[in-house]
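Enquirer: Have a look at this one.
Every number here is computed from the coordinates shown, using simple stated rules; none is lab data. Predicted model only: the values in this text are computed from it and were never measured. Quick reminder, even Gly has a Cβ in these numbers, built from the backbone with ideal geometry, and neighbours come from all protein chains shown.
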Amino acid sequence: MDRDGSAPDIFDVNPYANQPGLSPIEKEVLWEYAKLAENLKLLKQKSRNLTEQPDTALQTRLRAVESKMGLVFTLFKASVWGVINEQSVV
């Protein structure tokens, strides 16, 4: 049993080690598949946590970039307007 009373950790103990109908290589392959499945479950859980809980530091940085981009866009429009006005005068 694990610390929380659940089954042994799949990364430490091969659950197929005592299966008499399996060859040693089959036991190892099945264990690797079990570890891969557990890693995928952990990855899914962590990605779900990331999508449910937004990164506040990233949000703050993106807000700063957004305001700078707004300023750049305004300056760009002003410069284009200036070029258009110069061409119509000439």
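Enquirer: Could we say that Leu62 is out of contact with any Asp or Glu (no Cβ under 7 Å at 6 or more places or on another chain), closer than 30 Å to Asp9 by Cα and not charged (D, E, K, R) here?
Expert: no
Enquirer: Can you name every residue in the range 19-56 that is in contact with a helix residue (DSSP H, G or I) (Cβ under 9 Å, 6 or more places away or on another chain) and among the polar types (S, T, N, Q)?
Expert: Passing the criteria: only Gln19.
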